[in-house]
Each structure stands twice: as C-alpha cells, then as structure tokens.
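See structure below.
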Amino acid sequence: MFTRRLIPPKTLYTVPLHRQWLAQNLRSFHNARQVFDKSLKPALVSIHQSMLNWIHQNCKIEALKLFKNQLQMGISEIDEVAIALALKGCRENVNLGSQIHSLAITSGFISFTTVPNSLMSMYCKNGHFNKALCVFNALDFPDRVSYNTLLSGFENGKEALSFALWMHSIGFLFDAVSYTTALSHCTNEEEFRFGIQLHSPVLKFGLENDVFVGNALVTMYSKWGSNMAEAERVFYEMLHKDLVSWNALLSGYAQEGSYSCQATLGFREMMKAGVKPDHVSFTSAVSACGQERSLDLAKQIHGLVIKMAYGTHISVCNVLISLYYKCDVTEDANKVFQSMTERNVVSWTTMLSMNDESAVSVFNGMRRDGVYPNHVTFVGLIHSITVKSSLPEGQMIHGFCLKMNFFSELNVANSFISMYAKFELMEDVFKVFEELDQRDLISWNALISAYAQNGMSREALQTFLSASMELPPNEYTFGSVLSAIASSECISLKHGQRCHACLIKRGFNRNPIVSGALLDMYAKRGSIAESRGVFYEIADRSQVSWTAIISAHSRHGDYESVMALFKEMKNKGVSPDSITFLSILTACGRKGMVDMGVDIFNSMVRDYSIEPSSEHYSCMVDMFGRAGRLKEAEIFLAQIPGGPGLSVLQSLLGACRIYGNVEMATKVANTLIALEPEQSGSYVLMSNLFAEKGQWEKVANIRKGMRDKGVRKEIGFSWVDVIGSIDCSLNLHGFSSDDKSHPQTEEIYRMAEWIGSELKYLEHEEEESESVALACII
C-alpha cells in the first residue's frame, strides 16, 4: 500500500542523475548503502527505498536505524511514508511501535490515513487488537485498506464476520482482499455456512479468478472433509494457480484421511505442472504417505526433500519421523531425528511415542535440550508408562505434572485415570477424578472403563447413571457400561436392556463399537436370541461384528451355528482374525470335533498367516483333553508360548480325572499347586480322582494337606433376578447351598420344598404313564 507513494514524479526530478544511474546499475546493496551514506542530504524517496529494501531482507533493525538517523536530522526530514515503513519494521516490537505511534500523533502525521493503517496492522500482528480498534475508531475517513486491515486482525471468527456484515450494511464495496480475509475466518460450522454465502457474491462480481480469493475458497472448503469435492471444483476452475493453491488442496487431502491417495496423486500432478514444492507441500505429501502406509513412495519424496534442501526443515522432518514410525521403520525415524539441526516439541513428542521402553529417557533428553513439553507430550508419555507397567515412573510424572500445572489440562488428567486403572489402583483413580475442576465426557468414560476393567461392575453402572445426568453419553460410554454389565453375574440383565433402549433412542444402535458390546453382553448373559437380533440389524458387518456373533454362539456351545456363520463370513469376503479362530476352536472342542479343530488350526497358520498364541494352544489342549487324547494334549501343552496358564492346566486335570489318567493328573496337579497353592480346585479334583480309584489313603493325605495349608473349598454361588421394578435393586440376589442370610429365608425354603414335591409328583405320574403304555403294548 506504500509503493504508490514511493516514487512521485516530482521528487524523481530532484534526484541527481548519477544517483539514478547508480541505483539502477549497482547490484550490491552494500554499495548502494555506501553511496547513500556519502550523500549529505538524501531525498526522501531514497530513504523510503532503502528502508523497504532492508525490510524485504528481513533486516528490520537496519530499517529502523535509518529512520532514527533521519529523524535526528529533524522532523522535517521524515514524512508519513517513512513512519508507515518504520511501523512495518515494528511487527515484532510493539513497544517501539507504540513510541512511533506517539511520534505520529505529536508530529501530526496521524492525519494521513496511511499511518493509522500501518498502526492497525502493527497492533493486529502483535496481538493487540483492542489498540488497533481504538485507532480505527479515531479515523474520520477510513479507506478500504483501513477496513480490510481491521477485519484481518480479529481473533474471533464470529466477531470478524459480524464486522464484515456491518461493513456490507454501510455500503462498503468488498474487494478481493475483503473476501480473502472474510473467508479465512470461516473456521467452524456456523462460520462455514457464512463462507458458502460469501462464495455467491464472489461469483457475481467475477472475483473467482483472483488467485487470492480462489486460494481462500479452496482452503475453506478443504477444512471440511465432506466438502473436498467443492474444494476440488474451485481449484480446477481457477485460471491461475500458484504454490499456495496447490498447498491448500494438498493440505485438505492430507487432513481428511480418506483422501490420502488423492494427496499423493495431487503432489505428482503439481510436480508435472512445474510448480516447485515447499515445506508445506512436502509435509502434506509425506503425511498422506503415512496414512496410506506407502513406504516406497515416501522414500522417493524423502529423496526429493533432501535434494531440494528441506532435509532439515522441522515440520518436514517431524512428518517423516511419524511416517517411518507408522511403517515400523524405527531405524530410519531415528536417523531423521538425529539429522535435525533444530528440534521442537513435536519432534520430541513423536520420538517419545515411538518407543515405550525408552519414553522416559527421551523425555529427559527433551528437557536437557531446553524444549518445553506440552499436554500432548504428557499424554504420550503416560501411555508409554502404562504400556510397560512402570508405576514408579508414572507416579514421578504425576508429581511433575502437578508441579508444572499440567494437571489443569483435562486430557492429561484423563490419561492418569486410565494409567492408575491399568495398575489396579482404584483409590488413586477416584482421587484424580475427584480433584478435577471440570469434567468432560472423556473423564466420565475413563472412570467407567476403570471400574469395568477392575471388576467393579456395580460402580461402573452407578457412574454411568451419574454421568448420564450431566452429559449425553457417546459410543464409548455405552461400550464401557455394556462391557461391565456383560462381565458381571450379579447385575440384572434388565439394566443392559435399559441401556439398549437408551442407545437406540440416541441413535447409537448402528455404531460398530456399541453393536459389538451389545452382542457380547447378550451372549455372556445367556440371551443368544437378542445377540442375533443385534447382529442382523447391522447393515455393514465388519470383522468385529462377525467375530462377536461367532463368539456368542461358541460360548453357548452351538457348533453348527458357529460353522455356518464362519462359512458365511468367508463368503462375504471378510477375513477372520485370531479371536475368530479362537471361538471356532472352542466350539470344536466342546462338540468333540477334534479332527475339524485340527484342520481349522492348521488353516489359521497356513491360509491366514496368523501366528498361534498361548490361547490357541490352550484351546487345542482342552479339545484333545475332552476327547481323551491326552498324549496329544500333552504335546500341545509343551508348545504354549511362555508356558501353560492356570485355566488350561485345570482343564487338562479335569480331563485326566474323567479318563482316569492318574500319572498325568499327578504331574499337572503338582504344577497347579505350585502356581496357586491357596486355590482349592486342584486339591478337590485330585481328591475325587483318587476316590474314584479307591485310593483312600491318598484322599486323606490331600485333605490333610488342605487343612495344614489353610485351603478351604470355595462356596459356589447362584444368582436369581427378582420380578418387579428394576429400580428396587441394582444387583441380582446371590445364594449358595444352605444359605439362610436372606430376610425371606422361610418363605424361600417353603417354596423350594413345594417345587421339589411338585417335581416328584410329576415324575411319579410320568413313570405311571410309561408303565400303563408299556402294559398296553404287551
């Protein structure tokens, strides 16, 4: 806005001819400055030009020195353009800018509109919008630049667009700068709708071919992934495209995960068009490669990055580290990190997230490097500590966060809730939750999940009910509470049905997370029909959905349905995972289909390249044990990675008892007792086995050993759901053999005796009917 005043014709004639020749022919700015310094009384136009040159070279201090020297010669030796340029040099020094503001007022140059416009620009770019607004309000006759400068300074998009509406209402005619600035403020959904309306006058007044307006439109539409098609349309209709145009489109593609392929194609198209990419272009292209896991293309782009001297650029290196980490090439990620000449918090946080084992060491290195962590750093660090189960380190970071006031960041506090839940420290979980000044839905979800993970199902349900009164639940809320209800034998299924009704009302019944949790809940609580109902309501059934319904039928021992669903799953083109195969093997074992189970196990390894886990081997041991093929079970037992667990040993011990293999049972029982000496199950099974074999002396020894070690047989419990209002009780009523703790014990026992007598009567009648029928046949 100053160039129109820089070289007035009248002033040019006063400049000596040799000065004109020197300015046009000397290539060295240093030489030009020497010529300027030798001049006793340089013309103002030379002052303007010299200051402008320094500013263009980002040497703003030199420009301000020129202004100061000229001012020391007298106020008459400066003009409004010199003050405007000096203010341009104060973009990073608001205190000096305020002093020049005072000079402009006392010298009277404030009356020139150029000066207030530069003042507003200086204040806006330094974050002092209120001062810029005061300058604007003091203007008697603001021009187009005044309005556009103030519009660009708004930090709140809604207020900026309100000002734009006011500009329009007073008859201000928008130009390309006005539209570009207004469109840049359309960041959220409400403002985006306003941006769509602005697009219409842009077309009406023929400004769509202006490259700045076009870029602003592409950027606006790109920020909203659902409107990428409109961003593409605007881009390809632009007559002239610059680097910013391409970067706006590529950034939109990269930010919207489903468009990552278009981002890489767009980068290629940009290169073919002869547009030289910059760090923004490379950042978008590499980020898209990371989303696509396209390592080969990423390496080619990395080579181009180095060739074009962006190999040490912070933002490019950061996305390269992230790319190699996502593609499991951690060695290359480390090389990129080590090659960086400067690292910021993103660089260190990305490295910290890469290696859970050395996360704390990386964090300490970050602090030694003088880089201050942010809340994302601590979220990643807490996650790494949780994964490697290092409680002391977690407590240390907790103290650090309290000291540095990072606990006020909700996502950091929520991460600590999840961490302490993993360490089974529910008192600390509740303490962190209670100390939160404000709680969002993630806080409530973390607490519900913590209770569910630690077997505190009743507390999880009560927390869900409390959370629902404060905030509307989301899919993760329902997923956690349904998981809690599913794993609890003492909570009424009616509460699960109530949650089901609630989530249908809120529209979550089609969500894959919620559908899977519902399937699992109904299956675990014995309601297979409702599980199937949920499954067939899912329109697009994912691998998770298929696995959930197969697991549900497997849990109920329905071998035929499991195999039918497995066949249908493969026909639909959905690949099974390790959990799917685990459910199928379980079903085969319970049905006694050993040969089919072996075929399924071999197919899992051969056809699907799934490495068997300890659970798969345990399932095979159980399958062979149930079928009496104990030698084969023992062979698979030896192959279990990390050694056999308690459940598989108990299963094999039970099989040994059924098939009378005392020798193997003794070995298995000794292993079990060594692993869990206080559990009664192993003792009882061995005692029963010896009793069946008539080895009463060994039975007596086992029982004596139980008494000496203080091992008592666990009491078996059953639960009953009482008909009536579900608000009366949260839990089912639990009872055991000879239990007389219920307040209505007498009535319960009388009812049990009556039911028993009725069953005996019906049994007697059935026997008589069979006798009569047999006599008639004879």
I'd like to verify a number: residues in segment 76-90 that are over 14 Å from ILE47 (Cα atoms) and in a helix (DSSP H, G or I), how many? 2
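Residues are listed down the side, and each one gets a yes or a no for (1) under 29 Å from MET366 (Cα atoms); (2) in contact with a Gly (Cβ under 6 Å, 6 or more places away or on another chain); (3) surrounded by 23 or more Cβ atoms within 10 Å (Cβ to Cβ):
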| site | (1), (2), (3) |
| --- | --- |
| GLU393 | yes, no, no |
| LEU425 | no, no, no |
| ASP428 | yes, no, no |
| ALA450 | no, no, yes |
| LEU465 | no, no, no |
Tell me, please, whether a residue that is under 22 Å from ILE579 (Cα atoms) and either among the hydroxyl-bearing types (Ser, Thr, Tyr) or out of contact with any strand residue (DSSP E or B) (no Cβ under 9 Å at 6 or more places or on another chain) (or both) can be found in segment 495-504. no
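A quick yes/no check of all residues on (1) of a type in the set (D, E, K, R); (2) within 27 Å of GLN262 (Cα to Cα); (3) touching a Cys at 6+ places or on another chain (Cβ under 9 Å):
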position: TRP166; (1), (2), (3): no, no, no
position: GLY171; (1), (2), (3): no, no, no
position: ASN188; (1), (2), (3): no, yes, no
position: LEU207; (1), (2), (3): no, no, no
position: ASP210; (1), (2), (3): yes, yes, no
position: GLY214; (1), (2), (3): no, yes, no
position: VAL218; (1), (2), (3): no, yes, no
position: SER222; (1), (2), (3): no, yes, no
crowded, with 20+ Cβ neighbours inside 10 Å, modelled with pLDDT under 90 and within 21 Å of GLN291 (Cα to Cα) - does that describe any residue in segment 257-265? yes
Give just the number: which of (1) closer than 25 Å to MET351 by Cβ; (2) surrounded by 18 or more Cβ atoms within 10 Å (Cβ to Cβ) does ALA421 not satisfy? (1)
Any residue in segment 398-413 that is within 15 Å of TYR372 (Cα to Cα) and touching a residue at least 12 places away in the same chain (Cβ under 8 Å) sitting within a Cβ distance under 6 Å of a residue that is among the basic types (Lys, Arg) and open to solvent by less than 30 Å² (accessible area, probe 1.4 Å)? List the pairs, counting only those 6 or more apart or interchain. none
Unmet criterion (only one of (1) buried (at least 19 other Cβ atoms within 10 Å of the Cβ); (2) hydrophobic (A, V, I, L, M, F, W, C); (3) modelled with pLDDT under 85) for ALA633: (3)
Examine segment 167-178 for a residue that is in the same structural domain as ASP210 (by the TED database), of a type in the set (Ser, Thr, Tyr) and outside any loop (DSSP other than H, G, I, E, B), and state whether such a residue exists. yes
Filter result (surrounded by fewer than 17 Cβ atoms within 10 Å (Cβ to Cβ) and part of a helix (DSSP H, G or I)) within segment 179-191: GLU189, GLU190
Could you count how many residues in segment 198-241 are open to solvent by 10 Å² or more (accessible area, probe 1.4 Å), assigned to a helix (DSSP H, G or I) and either of a type in the set (A, V, I, L, M, F, W, C) or in contact (Cβ under 8 Å) with a residue 40 or more places away in the chain (or both)? 7
Tally up the residues in segment 344-370 that are in contact (Cβ under 8 Å) with a residue 12 or more places away in the chain and open to solvent by less than 60 Å² (accessible area, probe 1.4 Å), please. 17
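Per-residue answers, yes or no, for (1) assigned to a helix (DSSP H, G or I); (2) assigned by the TED database to the domain that holds ILE55:
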site	(1), (2)
GLU92	no, yes
ALA104	yes, yes
ASN130	yes, yes
TYR147	yes, no
Considering (1) among the aromatic types (Phe, Trp, Tyr); (2) open to solvent by 70 Å² or more (accessible area, probe 1.4 Å); (3) closer than 18 Å to ASP428 by Cβ, say which one PHE378 fails and leave the rest. (2)
Scan segment 468-499 for residues that are assigned to a helix (DSSP H, G or I) and of a type in the set (Asp, Glu) and report the count. 2
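The values are calculated or read from the model by the stated rules, or taken from the named source; none is laboratory data. Since the structure is predicted, the reported quantities are computational estimates derived from the model, not experimental observations. FYI the Cβ positions are ideal-geometry reconstructions off the backbone, even for glycines, and counts take in every protein chain you see. We work out accessible area using only protein heavy atoms, side chains counted, and drop any ligands, DNA or RNA first. Shrake-Rupley method; radii C 1.70, N 1.55, O 1.52, S 1.80 Å.
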